[in-house]
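Colleague: First the structure, then my questions, so here it is.
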Amino acid sequence: MNNNKTDGGTDSGALLDVKDLRIEFPTRRGILTAIDGVSLRLNSGEILGVVGESGAGKSLTGTAITGLLERPGRIAGGEIHFNGQRIDNLPAEAMRKLRGKQIGSIFQDPLTSLNPLYSVGRQLIETIRTHTDLTPRQARARAIEMLTQVGIPAPEQRIDQYPHQFSGGMRQRVVIALALCVNPKLVIADEPTTALDVSVQAQIIELLKQLCREHGSAVMLVTHDMGVIAETCDRVAVMYAGRLVEVGPVQEVVKQARHPYTRGLMGSIPKLGDEVEHLVQIDGAMPRLSHIPKGCAFNPRCPYATARCREEKPEFAQAGQGEVACWLWDGVNPATDPDTLFAEVSQAQRAKKQMNAVRPAPKTSVQNCGQEV
Amino acid sequence: MLSFLIRRLGQSMLVMLAVALLAFSMFRFVGDPVTNMLSQDASVEEREQLRDSLGLSEPLYVQFSTFVVQAAQGDFGISYRNQRPVSELIAERMPATLELVAVAFIISLLVGVPMGVYSALKSHSWLSHVFQTLSLVGISLPTFVTGILLILTFSVTLNWLPSFGRGEVVNIGWWSTGLLTASGLKSLILPGIMLGLFQVTLIMRLVRAEMMEVLRTDYIRFARARGLSNRAVNFGHALKNTLMPVITIIGLQLGAMIAFAIITETVFQWPGMGFLFIQAVSFVDIPVMSAYLLLVSLIFVVINIIVDMLYFLLDPRLCADRGTANSH
Ligand SMILES: Nc1ncnc2c1ncn2[C@@H]1O[C@H](COP(=O)(O)OP(=O)(O)OP(=O)(O)O)[C@@H](O)[C@H]1O
Ligand code: SF4
Ligand SMILES: [Mg+2]
């Protein structure tokens, strides 16, 4: 695992560099901002996990990178650089040539990702021939080789079968073969196992990881499974309400999250001394796009929210080896241990609460996150 | 596939038997054929004689089975009005109707499918909006009105095209065709448009709706994500999936067109089966009416079977063992 890569700094060498991306949907009742200032970097061969609740904007970010955003959605700001080239404003035809060849995609549902009327081989061969000069015969050989690589038994026979003749797990293997058949530098895998049977999920992730390593492809892996993140990814990006809230090496983000939302996502706040503090669940739901709160989008659900959080949007700040957008980390030494910081904040809050016990708490804050056991 | 085919054939036989029963009962309930065939002052003996010679004194089920057996051999009896075998009359008129329907069908496909595909792919362009509006007009205008408007414009006012009849026809065996002469072709244009117009709008709307649905599917998005050209995605992947469900409707519409041809043939005095049927109705010429009913039903049933078989050819999901074949 690559824990020594740091974020920020220059953009030299990054395979994918998304800068301040903003995606809008114009609607009758005004413009909805679905992605608001997301910046991401991905190095060659690296696996970046993207997590966040449903509707956080994970898929939309991936869609924007592949240039497949559908109307009326549009990229309203920011830039996307790939392999040193700006791609968010490429002409459609140039972008098409990049898709599949340089940037492969894997979708969530293998049952619906394949055209039911064409054999698996035909779909592989047409993809290979679109991006290479191989003859039909060579392309077929390559297709069979890909099917072998993704672990489909008897590929010479199965290549002429139709998608409905494959099981869900096998179809996702075919989808992976399709995504990797011309060695893309980047693969965007949007919840590649969510639709699959639990028993095959691990195999598919393992296969994806292994093949991408062999092909030297970087992966942007969208998933809800923290176990997969912990085992597979080099770095993790956490999204909330269309914004990036934290990004950093997997160890730090999973074990020592710095953003209150990430801590909630990871399920628990680790022990501190004798006290174990639990954030059993994050109360409330993610806001709708039309009702994203002012300031920090997370503030109505955040146990640590202050007046400032309700007014000002937090900036990204270096923290540990990652970055975090939270006012708690404003002006704090980046090397501070997050557990220590959260313990201090909780203690201060409790002290304040006791002092103000007579006064009713303000309505907007959501409390009861830190319960003493 | 074979068992499916046999089952479908069996069902079709049942349908045809039911229709035959209907056609047969027309003889019973719409007046007495003997009265219809003989003059008012025929004697009782003459009546009985005719009754016997027509087999009308036999029990009903015997009559029905005779009717079915004869109909299956193409014998529908003698027309009351023309005093000629009905099968002869129909054989004379069938080419006119089939050519008209074929022309209208081809027009509706050649115009309707591309219009539907275009308005699905470019759903926001102004031309698509024009198509949508036109199709609304086409669907809501009664066909005889469009027919009359066509005649008014192109025959009466501009005097470009004939307003009735088939023009000159050439006989090839028993088949008389209007496709080989200039006047025959010219005569086909207006009725062909009239009969096809409704189908054009229907097919266009159907293809558009179906294709827009298909374009939203994951496998189309995935095909784009694989970097396939627009052409390959739209015409290779999307169109084929679009046409699958459309084929059924188009097939059924072909049957409907043969039935609807009655109106067009009446407006253009087209010497086809529909015109024959209308004339038969006004003379209560039951043998002709029942033969027409049976024939149109048979055509429907046959088209249905063909459509089902097309599905087998086009959709690999219906043919489980097909994928194991080495190539295709
Ligand atoms: N066509 C659209 N019109 C309006 N809003 C849209 C459209 N497509 C997506 N959105 C909104 O953009 C936001 C982000 O959606 P996205 O699909 O990226 O979420 P996600 O993080 O992938 O969620 P999930 O985990 O459910 O896949 C959502 O709030 C969604 O409602
Ligand atoms: S900025 Fe404020 S509201 Fe937002 S996560 Fe940090 S403490 Fe909570
Ligand atoms: Mg998603």
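Colleague: Tell me, what % of the accessible area of chain B is carbon and sulfur with a 1.4 angstrom probe?
Modeller: Answer for chain B is 68 percent, counting heavy atoms of protein chains only.
Colleague: With an 8 Å Cα cut-off and a minimum separation of 6 or more residues, compute the relative contact order for segment B:138-270 in percent.
Modeller: Working: 118 pairs, mean separation 40.2, N = 133.
Reported relative contact order: 30 percent.
Colleague: How much mean residue ellipticity at 222 nm does the protein assembly as shown get from its helices, if each DSSP H run of length 4 or more adds -39500 (n - 2.57) and you divide by all residues, to the nearest 500 deg cm²/dmol?
Modeller: Values: 25 runs with 347 residues, N = 701.
Helices in the protein assembly as shown give a 222 nm mean residue ellipticity of -16000 deg cm²/dmol.
Colleague: Provide, for q = 0.15, 0.16, 0.18, 0.22 Å⁻¹, the log10 of I(q)/I(0) from a solvent-free Debye sum over equal Cα point scatterers in segment A:8-152.
Modeller: Calculated log10 I(q)/I(0) at the listed q: -0.94, -1.03, -1.19, -1.41.
Colleague: Express in nm, to one decimal, how much length is gained between A:R308 and A:A154 on full extension, taking 0.36 nm for each residue of separation and deducting their alpha carbon distance. Display every interim value, and only then the final one.
Modeller: Details: separation 154, 0.36 × 154 = 55.44 nm, distance 6.22 nm.
Full extension of this stretch gives 49.2 nm more.
Colleague: Measure nothing but the geometry: give the 0 to 90° angle between the long axis through the Cα atoms of A:198-215 and the longest principal axis through the Cα atoms of chain A, rounded to 10°.
Modeller: Computed tilt is about 70 degrees.
Colleague: Averaged per residue, what accessible surface does segment B:2-72 expose to a 1.4 Å probe, in Å²? All intermediate terms of the calculation are to be shown ahead of the outcome.
Modeller: Working: 4860 Å² over 71 residues.
Per-residue accessible area for segment B:2-72 comes out at 68 Å².
Colleague: State the answer as a single residue: which of B:M289, B:M273, B:S128 lies farthest towards the positive end of the charge dipole of segment B:86-320, with beta carbon charges of +1 for Lys and Arg and -1 for Asp and Glu, about the Cα centre.
Modeller: Sorting the options by dipole projection puts first B:S128.
Colleague: Checking an interface number: how much accessible area is buried between A and B, summed over both chains, with a 1.4 Å probe, in Å² rounded to 100? Intermediate values should be presented prior to the final figure.
Modeller: Working: alone 18090 and 18070 Å², together 33480 Å².
What A and B bury together is about 2700 Å².
Colleague: What pairs from A:K209/A:K313; A:K185/A:K294; A:K58/A:K255 go past 28 Å between their alpha carbons? Kindly include the intermediate steps, with their values, before the conclusion.
Modeller: Numbers: A:K209/A:K313 36 Å; A:K185/A:K294 38 Å; A:K58/A:K255 22 Å.
Pairs exceeding the cut-off: A:K209/A:K313; A:K185/A:K294.
Colleague: Oh, and also: At 0.36 nm per residue, minus the direct Cα-Cα distance, what do B:M212 and B:L141 gain on full extension? Give it in nm, one decimal, please. Numbers along the way, then the final one.
Modeller: On the way: separation 71, 0.36 × 71 = 25.56 nm, distance 2.58 nm.
Once the chain is fully extended between B:M212 and B:L141, it gains 23.0 nm.
Colleague: What's the angle, to the nearest 10 degrees (0 to 90), between helix A:338-355's Cα axis and the longest principal axis of chain A?
Modeller: 40
Colleague: Here's something else I'd like to know. For a quick check: with amide H placed at 1.01 Å from N, whose amide H comes under 5 Å from A:L244's, ignoring anything fewer than 5 positions away on the same chain?
Modeller: Correct list: A:S39.
Colleague: Starting from the Cα gyration tensor of chain B, take the square roots of the eigenvalues, sort them a ≥ b ≥ c, and report rounded, prolate or oblate (rounded when a/c is under 1.5, otherwise prolate if a/b is larger than b/c, else oblate).
Modeller: Values: a/c = 2.82, a/b = 1.57, b/c = 1.80.
Oblate shape, in that a/c is at least 1.5 and b/c is the bigger or equal ratio.
Colleague: Using a cut-off of 15 Å between beta-carbons, work out the net charge of the residues near B:I139 (Lys and Arg +1, Asp and Glu -1, B:I139 not included).
Modeller: Details: positive: B:R205, B:R208; negative: none.
Overall, the nearby charge balance is +2.
Colleague: Rounded, prolate or oblate, given the Cα gyration tensor of segment A:93-179, with a/c below 1.5 counting as rounded? Don't skip to the end; give the middle numbers.
Modeller: Values: a/c = 1.81, a/b = 1.22, b/c = 1.48.
Cα axes put segment A:93-179 in the oblate bin.
Colleague: By DSSP, what percent of the beta bridges with both residues in the protein assembly as shown are antiparallel, rounded to the nearest 5?
Modeller: Working: 36 of 54 bridges.
Taking every DSSP beta bridge with both residues in the protein assembly as shown, the antiparallel ones total about 65 percent.
Colleague: Roughly speaking, what % of Cα-Cα pairs in the protein assembly as shown are separated by over 46 Å, rounded to a whole number? Could the numbers behind the result be given before it?
Modeller: Numbers: 109091 of 245350 pairs.
Looking at the protein assembly as shown, the distances longer than 46 Å represent 44 percent of pairs.
Colleague: Next question. Ignoring any ligand, DNA or RNA, what whole percent of the accessible area of chain A comes from carbon and sulfur when the probe is 1.4 angstrom? Intermediate values should be presented prior to the final figure.
Modeller: Working: 8440 of 16770 Å².
Ligands and nucleic acids excluded, carbon and sulfur give 50 percent.
Colleague: Another question about this same structure. How large is the dipole of the protein assembly as shown about the Cα centre if only Lys and Arg carry +1 and Asp and Glu carry -1, each at its Cβ, rounded to the nearest 20 debye? Don't skip to the end; give the middle numbers.
Modeller: Details: 63 positive and 61 negative charges, 311 e Å.
It comes to approximately 1500 debye.
Colleague: Work out how much length B:Y61 to B:I249 would gain on full extension: take 0.36 nm times their residue separation and subtract the Cα-Cα distance, in nm to one decimal. Display every interim value, and only then the final one.
Modeller: Working: separation 188, 0.36 × 188 = 67.68 nm, distance 3.69 nm.
Length gained, B:Y61 through B:I249: 64.0 nm.
Colleague: Give me the Kirkwood hydrodynamic radius of segment B:2-72 in Å, from all C-alpha pairs, to one decimal place?
Modeller: On the way: mean 1/r = 0.0705 Å⁻¹.
About 14.2 Å, per the Kirkwood formula over Cα pairs.
Colleague: What angle, in degrees between 0 and 90 and rounded to the nearest 10, separates the Cα long axis of helix A:120-131 from the longest principal axis of the Cα atoms of chain A?
Modeller: It is inclined by approximately 80 degrees.
Colleague: May I ask you to give the solvent-accessible area per residue for segment A:150-214, in square angstrom, as obtained with a 1.4 angstrom probe?
Modeller: 36
Colleague: With the crude spin-label approximation of a point 7 Å out along Cα→Cβ, what separation in nm comes out for A:E79 versus A:D337?
Modeller: 4.1
Colleague: If I take all pairs of Cα atoms in chain A, what percentage of them are more than 41 Å from each other?
Modeller: Working: 12709 of 69378 pairs.
Pairs farther apart than 41 Å: 18 percent.
The values are calculated or read from the model by the stated rules, or taken from the named source; none is laboratory data. What you see is a predicted model, and the numbers here were worked out from it, not measured in a lab. Counting neighbours? That spans all protein chains shown, and the Cβs are built from the backbone with ideal geometry, glycine included. Note: areas computed on protein heavy atoms with side chains; ligands, DNA, RNA excluded. Shrake-Rupley method; radii C 1.70, N 1.55, O 1.52, S 1.80 Å.
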